[in-house]
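The values are calculated or read from the model by the stated rules, or taken from the named source; none is laboratory data. Keep in mind the model is a prediction, meaning the values are calculated, not measured. Don't worry about glycine lacking a Cβ; one is built from the backbone with ideal geometry, like all the others, and counts go over all protein chains shown. All accessible areas refer to the heavy atoms of the entire protein, side chains included, with ligands and DNA or RNA removed. Shrake-Rupley method; radii C 1.70, N 1.55, O 1.52, S 1.80 Å.
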Amino acid sequence: MPTPSTVYSDANHRDAIERELRWLLDAQPIWTANHNDDCVPLSKICNGSLPEIAENLAAEWAWHGAPKRLGRRFENLLTALFEQSDQCKLLTHGLVIRDQKQTVGEIDYVIELPSGVLHLEVAIKFYAGVGNPSDREHTSGWIGPSCQDRLDLKINHLLTHQLRLSQTPLAQQTFAEAELPVPERVQGLIYGYLIQPWASHGAQPEGLHMTDIAYWTCYSDAHEAMRALSRPYSTEYGWTRLERDQWIAPYAGPSEMPLVIKTLERPIQADCYALTTRRGGQKEKFRIFVMHDQYEQDALASMRQSH
């Protein structure tokens, strides 16, 4: 029988997977293309047994291997929810659209709802706010840990390419060949985290939503940031470094490190630490992403490319 720490630290255990599924149903997306669509929140149409879905996914990943990419893991979770729902019918997912032999795009999901057929695009992203507060009021001021991904570019790609794809002649020909109906509506959702700078938080673009609290710091400021943010908490709390496949849902296991950390591993790109109780069983209070020391400079350069 696994100990509680094993249950929570193993991202592919059924309990950890069930926690991710529950988060996916309860969390509000960072960004929504159509606010009035009945696919938001997902809990309206995903009503399968979460323990059973988690058990099935755990068995599948144990046999075939868990997804290595975070986006693919998220997609597996969402697909499993759709497949177990009696409120919708998953007609297809990952439908590749080609022009002869050249791929022009991929449609995430085509779902049949009581109100009609929906083309759904979904992503999970982690964007850190950079610059001054006025910079962070714009979507261009939110940059991924690699600095190759920017919130405004992702939204623009969804609106101008991905969500339009199902209405193109090439896609409609693909639907016909697969004997699928042409979607009547489209919806785009971005889930994940808006990661505030630890010493200057609060500003974010209008219309975006932050479900869970997350901060970021560069490695050289990490000890100061972690001490300052954890000051309101007693020594009953501590930190846990989350592996990348644990980033999706808030952590609920026991802390593995004390409240005051003496040595911190230098991140290659970004490391994530969650503040939780020593006993576990409670949702993390917040998380902090420790970026490499070049991150802020690279992120600001990426932001300025939009100006």
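Probe radius 1.4 Å, ligands and nucleic acids left out: which of Thr263, Thr277 has the largest accessible area, and how do the rest follow?
Thr263, Thr277
Consider the candidate values (i) 44, 27, 15; (ii) 34, 25, 16; (iii) 29, 27, 17; state which one is semi-axes √(5λ) of the Cα gyration tensor in Å computed from the structure displayed.
So the calculated entry is the one marked (ii).
Which of the GluC sites (Glu not before Pro) found in the stretch 123-195 are in a DSSP loop and have at most 13 neighbouring Cβ atoms, other than their own, within 10 Å?
Passing both the DSSP loop test and the Cβ count: Glu179, Glu184.
Karplus couplings for the stretch 123-131 from phi (6.51 cos²θ - 1.76 cosθ + 1.60, θ = phi - 60°), rounded to Hz, Gly and Pro as x?
After applying 6.51 cos²θ - 1.76 cosθ + 1.60, I find 9, 10, 9, 10, 10, 9, x, 10, x Hz.
In the chain, with Lys and Arg counted as +1 and Asp and Glu as -1 at Cβ, which of these residues, Ile45, Ala59, Gly192, has the Cα nearest the positive end of the dipole, that is, farthest along it?
Gly192
Taking all protein chains as present, what is the carbon and sulfur share of the accessible area of the chain, in % to the nearest whole number, probe 1.4 Å?
That fraction is 46 percent.
For the stretch 30-87, run through the trypsin sites (Lys or Arg not before Pro) and keep only the ones in DSSP coil with at most 11 other Cβ atoms within 10 Å of their Cβ. Display every interim value, and only then the final one.
Working: sites: Lys44, Lys68, Arg69, Arg72, Arg73; in loops: Lys68, Arg69.
Listed in order of number, the matching sites are Lys68, Arg69.
For Thr92, list long-range residues whose amide hydrogen, built 1.01 Å from N in the peptide plane, is under 5 Å from its own amide hydrogen.
Excluding prolines and chain starts, which carry no amide H, the hits are Val110.
Which trypsin sites (Lys or Arg not before Pro) does the stretch 100-196 hold that lie in a coil by DSSP with at most 11 other beta carbons within 10 Å?
Taking the stretch 100-196 and a limit of 11 other Cβ atoms within 10 Å, the loop trypsin sites (Lys or Arg not before Pro) found are Lys101.
Give me log10 I(q)/I(0) at q = 0.15, 0.18, 0.21, 0.26 Å⁻¹ for the stretch 168-216, Debye formula, one equal scatterer per alpha-carbon, no solvent.
-0.59, -0.66, -0.77, -1.02
If I model a spin label at His64 and Glu83 as a point 7 Å from the Cα along the Cα→Cβ vector, what separation in nanometres do I get?
0.7
Calculate the spin-label point distance for His35 paired with His223, positioning each point 7 Å from the Cα along the beta-carbon direction, and give it in nanometres.
In this crude spin-label approximation the distance works out to 4.6 nm.
Collect residues whose amide H, placed 1.01 Å from N in the peptide plane, falls under 5 Å from the amide H of Lys125; neighbours closer than 5 in sequence don't count.
Tyr191, Gly192, Tyr193
Between 0 and 90 degrees, rounded to the nearest ten: what's the tilt of helix 70-83 against the longest Cα principal axis of the chain?
In the chain, helix 70-83 runs at an angle near 50 degrees to the longest axis.
Evaluate the distance, in nm, between pseudo-label points positioned 7 Å from the Cα of Val104 and of Arg266 along their respective Cα→Cβ axes.
With each label placed 7 Å out from Cα toward Cβ, I get 4.8 nm.
Probe of 1.4 angstrom, ligands and nucleic acids ignored: what's the accessible area per residue over the chain, in square angstrom?
Per residue, the chain has 49 Å² of solvent-accessible surface.
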